[in-house]
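All of the numbers you see were taken from the coordinates with simple rules; none came from a lab. Nothing here was measured: the structure is a model prediction, and the numbers come from that model. Here the Cβ positions follow ideal geometry from the backbone for every residue, glycine too, while neighbour counts run over all protein chains shown.
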Ligand code: NAP
């Protein structure tokens, strides 16, 4: 469907829950509405799961667990590979759907299909590479066997900002490892997950292996699932406060968790940086997804000798942006997800300006239909400004000067988050020092984008626990078993 219209596409998106291989309405008939943030219009009404539906979804995942775990890894991998291939055929539909329900410009939505799809291919290959160890114990009296086993039924909770990639980044390694899942996408952007699970059904995924519950009552539906002793794993991507709450709930049953939480990424530009590359990296790190990314650069920490020039150049670039609905040609800044996001970005800018920052461009909401905020640059942000401590999640580039390397490190690490950092320098030794000195799970060294299915994505400090993608990603869904046997030659 290369030339599918929005109306045709939306008709093909399921509007029900997917439980045990069947599309079903919510048991109590409840529904929720999904909006286009660029127009404010309702684009689809879908089922809203209640507690009974959550229980049914978990029952299905539990029932399917043993046979899925016993399915040969090659077969599991081939299903994922077919899903990857079919997603390539449907890349136009997936991209358009994300733009309609989430607002990101279409060109970026294609980028997310490429990135999100890659987890299917990567883990289709990893499925057959789960290995163990066999060896003699140090005393020579026995043999040690270390083997890997699927954790068991998993509950996956995803955010609204990357509707496809956050789902595939969890579902693909879980299935590759031999785990069944219940997935709960965000209420703001559930359609992409529904459309993706329909694709999984088409490529032959057995009933019960993946179950989807969309809901407007996340807490009420999730609490009993998390408390159920049959659940073996919770993987969450979202904000740190919700993650903290879920960790507390998981403590009761000592549930294994993976947590991909918020960020407050520093973007450090040293005086010896290639300024063209730094500006290029800054635009990518800040304005991708209209700044609504956990990896978005939040604090631009720029050496005082080049701060003015850097600010001038990024402002020039920002003034060239075209704001509009993501489906329109040439648009590179779409809407924010809702009114609350606009109000938050605006409050952070106003607070910074009140505390002495200079507004170079933008700085206010755009009146009219949809939830748009002007792409904004502020410089001279002073210590104590809220924007240095909170995730902006909007198109606001905030610059703070530093005096030397120690100062840059101190400012960069002055946050409870530690997801990703960006560093621009042409001094190799300095770059290596920054790898060691910055408290971060990931780093872009002279690059403004780090995400890759082949890389371990994740943070330190309050940015989370565990890694997604890379060689590490599948281990989040495996448990290690150690067996000791006697020396077979000991008689
Ligand atoms: P959020 O409010 O924490 O929501 C994330 C998910 O959790 C949604 O599906 C939400 O459902 C659900 N949820 C909320 N309260 C819940 C509860 N009590 N029990 C169970 N589920 C609950 O985050 P968001 O606003 O969607 O996403 C933005 C945040 O995600 C940012 O902080 C961003 O940095 C972070 N993020 C992190 C990564 C990463 O890899 N580290 C990637 C992307 C985003 P509802 O939609 O129904 O509220």
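Worth pointing out:
- For segment 85-130, average projected area of the Cα convex hull in nm²: 3.3 nm²
- 222 nm mean residue ellipticity, helices alone, for the chain (DSSP H n ≥ 4; -39,500 (n - 2.57); rounded to 500): -12000 deg cm²/dmol
- 4 °C / 1.567 mPa s Stokes-Einstein diffusion coefficient of segment 147-187, Kirkwood radius on C-alpha pairs, µm²/s: 121 µm²/s
- Rounded to 10°, Cα long-axis angle of helix 51-70 versus longest principal axis of the chain: 60 degrees
- Summary value for the chain: 18 percent relative contact order, contacts being C-alpha pairs under 8 angstrom separated by 6+ residues.
- Across segment 1-73, the volume of the C-alpha convex hull divided among the residues equals 146 Å³ per residue.
- The value of relative contact order for segment 217-317, using C-alpha pairs under 8 Å at least six residues apart, is 24 percent.
- Taking 0.890 mPa s as the viscosity and 25 °C as the temperature, the Stokes-Einstein diffusion coefficient of segment 154-296 based on its alpha-carbon Kirkwood radius rounds to 146 µm²/s.
- Cα-projected label distance for residue 359 with residue 5, points at 7 Å along beta-carbon direction, nm: 4.2 nm
- Relative contact order (percent, whole number), segment 265-452, Cα cutoff 8 Å, 6+ residue spacing: 30 percent
- Per residue, the Cα convex hull of segment 228-345 amounts to 163 Å³.
- Directionally averaged shadow of segment 371-472, computed from the convex hull of its alpha-carbon atoms, nm²: 8.1 nm²
- Length gained on full extension, residue 340 to residue 89: 86.8 nm, using 0.36 nm per residue less the C-alpha separation.
- Helix axis angle, 91-102 relative to the chain longest principal axis, alpha carbon, degrees: 60 degrees
- Distance cut-off 28 Å, percentage of C-alpha pairs in the chain lying past it: 54 percent
- Helix 240-252 axis versus longest C-alpha principal axis of the chain: approximately 20°, rounded to the nearest ten.
- The alpha carbon radius of gyration of segment 265-452, expressed as a multiple of 2.2 N^0.38 Å, is 0.96.
- Hull shadow area, averaged, segment 219-295 [alpha-carbon convex hull, nm²]: 6.9 nm²
- Per the Cα gyration tensor, segment 271-330 maps to an equivalent ellipsoid with semi-axes of 24, 14, 9 Å, ordered largest to smallest.
- Peptides 24-36, 411-423 ranked from most to least packed by the mean count of surrounding Cβ atoms within 10 Å: 411-423, 24-36.
- Segment 373-449 and segment 170-203: distance between their alpha carbon centers, rounded to Å: 34 Å
- Note on segment 175-239: Rg/Rh from C-alpha atoms, Kirkwood Rh, equals 0.96.
- Whole-angstrom Cα spans of segment 64-179 along principal axes, big to small: 64, 25, 24
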